[in-house]
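Derivation of every value follows stated rules applied to the coordinates shown; laboratory data play no part. All of these numbers come straight from a predicted model, not from anything done at the bench. Because the Cβ atoms are built from the backbone with ideal geometry, glycine has one as well, and the counts that use them run over all protein chains shown.
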Amino acid sequence: MIEALTGSGLAAAAGLNAYIPMLALGLLARFTDVVGLPSGWAWLENPWVLGILGALLVVEVIADKVPAVDHINDVVQTAVRPAAGGIVFGSGTATETPAMSDPGGFLASGGWVPVAIGIVLALTVHLGKAGTRGVANAATIGVAAPVLSTAEDVSSVLLVVAAILLPGLVAVLLIGLIVGLVLLARTARKRRARRRDRTAAAS
């Protein structure tokens, strides 16, 4: 159960930002004792991999906050984020953390099943994020992009922290994420409808 929560938190975080959970796992494994990656996932703590992930994270953080560019970025990330979700779910469920000092079992077996689960979870979160962002951008003429992007980055970091240290919180955070996306989409649709009605009335 803890393995599933850890993997789910990391995969959901990847659905919001592909590079935050991968970079977090790699850095924590390389420079601390908080995370112990198994041999099959040790490449995440390779200095070259960490450097590339860091550079990609900077590009992602900037691009995702620029109206119109964020849409293009979301299209590109439709392939990247699910792949990252598969990687972090697979590595996370087989990793030793304070919450999982002796990981094992079906999800941590290193097979394709945890990777597939991670891909599906990250893709679901990504599609929800991209769809909500599109509605919000249309309703605010792009003004919401930097605000929502920052909120998504913070949510990704919180999910990673919870997944590694307090997996029990992952379920709560995921429910909050779903509720937040639904409420945001509804609010944005209503605002866009009011703006359309005012435009029609003025003409």
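Counted residue by residue at 0.36 nm each, then reduced by the alpha carbon distance between them, the extension gain from Val172 to Ala151 reaches 5.9 nm. 3J(HN,Hα) along the stretch 10-19, derived from phi through the Karplus expression 6.51 cos²θ - 1.76 cosθ + 1.60 where θ = phi - 60°, amounts to 5, 5, 5, 4, 5, x, 8, 8, 4, 9 Hz, with x in place of Gly and Pro. With the cut-off at 1.5 for a/c, could you classify the stretch 38-87 from its C-alpha gyration tensor as rounded, prolate or oblate? Oblate, since a/c reaches 1.5 and b/c is not below a/b. Applying the Karplus relation 6.51 cos²θ - 1.76 cosθ + 1.60 with θ = phi - 60° to the stretch 40-50 yields 3J(HN,Hα) values of x, 10, 5, 4, 5, 9, 5, x, 5, 5, 4 Hz, where x marks Gly and Pro. In the neighborhood of Ala144, defined by Cβ-to-Cβ distances under 11 Å, what is the net charge if each Lys or Arg adds +1 and each Asp or Glu adds -1? Overall, the nearby charge balance is +2.
Residues Thr78, Thr97, Thr32 in ascending order of nearby Cβ atoms (within 10 Å, fewest first): Thr32, Thr78, Thr97. The translational diffusion coefficient of the stretch 5-107, from Stokes-Einstein at 20 °C and 1.002 mPa s with a Kirkwood hydrodynamic radius over alpha carbon pairs, comes to 153 µm²/s. The string of couplings for the stretch 147-156 from the Karplus curve (6.51, -1.76, 1.60, θ = phi - 60°) is 5, 5, 4, 4, 4, 5, 5, 5, 4, 4 Hz, one whole number per residue in order, with x for Gly and Pro.
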